[in-house]
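Each remark here refers to the structure printed beneath this line.
The values are calculated or read from the model by the stated rules, or taken from the named source; none is laboratory data. The structure presented is a predicted model; accordingly, all values stated were derived computationally and were not measured. Here the Cβ positions follow ideal geometry from the backbone for every residue, glycine too, while neighbour counts run over all protein chains shown. Side chains are part of the model used for accessible areas, which takes the heavy atoms of the whole protein and leaves out ligands, DNA and RNA. Shrake-Rupley method; radii C 1.70, N 1.55, O 1.52, S 1.80 Å.
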Amino acid sequence: MLKLNEEVCIGCGICESSCPFAAIEMVADLPVIGDSCTLCGACVDSCDVEALSIETAESSGVADISEWKDIFVYCEFRGGVLATVSLELLGIGRTLADIRGVKLSAVLIGSETGDVADTLIGHGADVVYRVDTPELAGFSEDSYTKVLTRLILDNKPEIVLAGATAIGRSFIPAVATTLNAGLTADCTKLEIREEDGALLQTRPAFGGNIMATIVCPAHRPQMSTVRPKVMKALEFDSARTGEIIDVEIPAALGESRIKVLESVVSEESNVNIQEAEILVSGGRGLESEKGFALLKTLADSMDANVSASRAVVDAGWIPYPHQVGQTGKTVAPKLYIACGISGAVQHVAGMQSSETIVAINRDENAPIFDVADFGLVGDIQEIIPKLIRKIEEKRGA
């Protein structure tokens, strides 16, 4: 709560001009706080006489988190497309909500979202908060931060989930900062602690060498960004019903201080290994970037995509969008063929959810064989051409 000490206030109006959300209006030489206030603290910082202060549950001596309930999932919608991680988050969100006995709510922000809200309900949401307005057609960190922050303050969810995508990484930390909430980034596992209902947020730490579980028992909301392709989406159920709430926001929340002059999509941005059903992945065992020409031939014969380990990306053999692993992308194809990849924990963290893993390596003791379903020990330059010939023979037949 934003509190005003009228005896100290001198009516200078600095708080009104410093508010990024236009939530303060001077009336009779006193600031009046409007509904668009997000408790960001800008006015408090600008007040030289300290007439404004933010009173939280902790500062007032009352740490009451009982009024926070339900689970929010931010469902990313950009360029007319719903990010697949949104459906994955609804899958784990449904599990968490059922354990807690609360509603699962999806937050959909954008413009011309069409029937996406119905899709979210079919994939597990009980409620969809839809903010559909032309002002939010293009992603803007400040406007999206204001809108999501306002929805959280109005509805008080105990858990807020978002994808660890470029957009999620961009503005979700700003939402957490504005709410004075904690945020666990890049989670790979979420569970509920039985004794107190706290969210157990697990993520790789120390370069992926250990898995750390983070708990936020005394503050709400509990916020997490989750890696794409580590959670499973529920099958679409056309019989599910839910509530779609169209939220009208004050004009100030949709306004952005950022003006996008032009959006340019690079060719590398079209490399989406996370959506591929088959991946042929190369590592340092290829010995040079020429080895990727052989992998590309194998991938073409299988209608597959090419991916890689960090070592060869760092060596400049293949661009970063192809990288799988802790510092790259998490993938879960139906078939993952690891060629010349040793199997460091950082790489395995990004591909261990694949349905079938085939490893090809000359070192029979390589760690990659510990997670592989099928292993071939030998020289890649000999094995892969034989695979290509066998595949072409099968296709010809």
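Data for the structure
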quantity: Within the accessible area of region 7-59 (1.4 Å probe), percent carbon and sulfur; calculated: 50 percent
quantity: Inter-label distance for Met1 and Ile192, nm, one decimal - labels placed 7 Å from Cα along Cα-to-Cβ; calculated: 3.1 nm
quantity: Table column - 3J(HN,Hα) (Hz), region 122-127, Karplus curve with 6.51, -1.76, 1.60, x for Gly and Pro; calculated: x, 9, x, 6, 8, 9
quantity: Model label zone, Asp370; criterion: amide N under 13 Å from point 7 Å along Cα-to-beta-carbon; scope region 328-359; calculated: 342-349
quantity: Probe 1.4 Å, all protein chains present, accessible-area order of Leu136, Leu2, largest first; calculated: Leu2, Leu136
quantity: Given charges at beta-carbon only (K, R positive; D, E negative), |dipole| of region 341-388 in Debye; calculated: 100 debye
quantity: Convex hull of Cα atoms in region 254-397, direction-averaged projection (nm²); calculated: 11.2 nm²
quantity: Value of relative contact order over the chain, rounded to a whole percent, pairs C-alpha under 8 Å and six or more apart; calculated: 12 percent
quantity: Segment Thr202-Ala166, length gained on full extension (0.36 nm per residue, minus Cα span); calculated: 10.9 nm
quantity: Net lengthening on full extension, Ser288/Asp379 (0.36 nm per residue, minus Cα-Cα); calculated: 31.4 nm
quantity: Links that overshoot a 27 Å alpha carbon limit, given the list Lys103/Lys259; Lys334/Lys386; Lys146/Lys329; Lys103/Lys329; Lys3/Lys146; Lys229/Lys394; calculated: Lys103/Lys259; Lys146/Lys329; Lys103/Lys329; Lys229/Lys394
quantity: Antiparallel DSSP beta bridges within the chain, as percent of all bridges there, nearest 5; calculated: 30 percent
quantity: GNM result for the chain, Cα springs below 10 Å: residue of Val371, Val260, Val160 fluctuating most strongly; calculated: Val260
quantity: In Hz, Karplus ³J(HN,Hα) per residue of region 278-285 (6.51, -1.76, 1.60; θ = phi - 60°; x = Gly, Pro); calculated: 10, 10, 10, 10, x, x, 4, x
quantity: Cβ-Cβ FRET estimate between Lys390 and Asn180, R0 fixed at 45 Å, reported to 0.05; calculated: 0.15
quantity: In order through region 336-349: 3J(HN,Hα) via Karplus (6.51 cos²θ - 1.76 cosθ + 1.60), integer Hz, x for Gly, Pro; calculated: 10, 9, 9, 10, x, 10, 5, x, 4, 4, 5, 6, 4, 4
quantity: Region 1-37 and region 304-371: distance between their alpha carbon centers, rounded to Å; calculated: 55 Å
quantity: Equivalent ellipsoid semi-axes - Cα gyration tensor, the chain, angstrom; calculated: 47, 21, 21
quantity: With Cα atoms, 0 to 90° folded angle of helix 380-396 axis to the chain main axis; calculated: 90 degrees
quantity: The chain - mean residue ellipticity at 222 nm from DSSP helices (-39,500 (n - 2.57) per run, n ≥ 4, rounded to 500); calculated: -7500 deg cm²/dmol
quantity: Most fluctuating residue given options Thr330, Thr145, Thr297, as computed from a GNM of the chain linking Cα atoms under 10 Å; calculated: Thr297
quantity: Solvent-accessible area, 1.4 Å probe, carbon plus sulfur percent, for region 185-300; calculated: 50 percent
quantity: Asp303-Arg78 FRET efficiency (beta carbon distance; Förster radius 25 Å; 0.05 resolution); calculated: 0.40
quantity: Solvent-accessible area per residue, Å², over the chain with all protein chains present [probe radius 1.4 Å]; calculated: 50 Å²
quantity: Gain in span if fully extended, Val345 to Ala22, counting 0.36 nm per residue against the direct Cα distance; calculated: 111.4 nm
